[in-house]
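Here's the structure we're looking at; comments come further down.
Throughout, read-outs are computed from the coordinates displayed, never taken from laboratory work. The model shown is predicted, which means the values in this text are computed figures rather than measured ones. With ideal geometry, Cβ positions are generated from the backbone for all residues, glycine too; neighbour counts draw on all protein chains shown.
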Amino acid sequence: MRHVGLIAGAAAAVLVAAGAITYAVAEDGGSGDSAPTADSADAGFARDMAVHHQQAVEMSYIVRDRTKDAEVRRLAYDIAQTQANQRGMLLGWLDLWGLPKVSSDAPMTWMGMGDMTSGKDGALMPGMATNTEMKKLGTLSGKQAEVFYLQLMTDHHKGGIHMAEGCVAKCTVGVEKRLAQGMVDAQQSEIDLMADLLKERGATARP
């Protein structure tokens, strides 16, 4: 509970700030001639991270119902709430910019990685779980579910950090860059926490 409480506090702070950030983006490249274009890093990150976040939310709700462990359930709930909120902000920004939420471009094109092998068994972007892994998570319970979730989410966060760092480097909308940096910081903290939780269960992150 010691670490998860800190994560919960950070998640609450993100939720409180969400409205201010959403409105601020309208004044920081959110409308008119200054809005990002459909093929910009800003739009690409918003679209791709919305998809990436959605899977994290799904994984978190699956494990919440597969274990009675208070720490893992609390972490899963915090991740689900934070990433669902951020996903809403990203999609809201696309609306503000008058841009579509889907693109014919391959995922990660905005990072120059559109030709990467993607989509294998549903893993569209770095760190995403495959459809097979998602189904497996839904069949496990107790400690097995906890370990597999923590391993999957560690991989997921590592991929998310890679994408968020790309936005920090390439995006032009200030509030989006700041949100991306916040994702990097928060998800790295959660990776550290998950390493501790895995160790307590006699396991480690996947290589």
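A few points about this structure:
- Averaging 1/r over each pair of different alpha-carbon atoms in region 104-207 and inverting the result gives 14.9 Å, the Kirkwood hydrodynamic radius.
- Virtual spin-label span in nm between R74 and K143, 7 Å along Cα→Cβ: 2.1
- Under 25 Å from the Cα of K177 - lysines, other chains or at least 8 residues apart: K101, K158
- Considering only Q86, V175, L150, the residue lying farthest towards the positive end of the dipole of region 61-207 is L150, judged by Cα position with unit charges set on Cβ.
- Lysines whose Cα lies under 23 Å from that of K68, excluding same-chain neighbours fewer than 8 positions away: K135, K136, K143, K199
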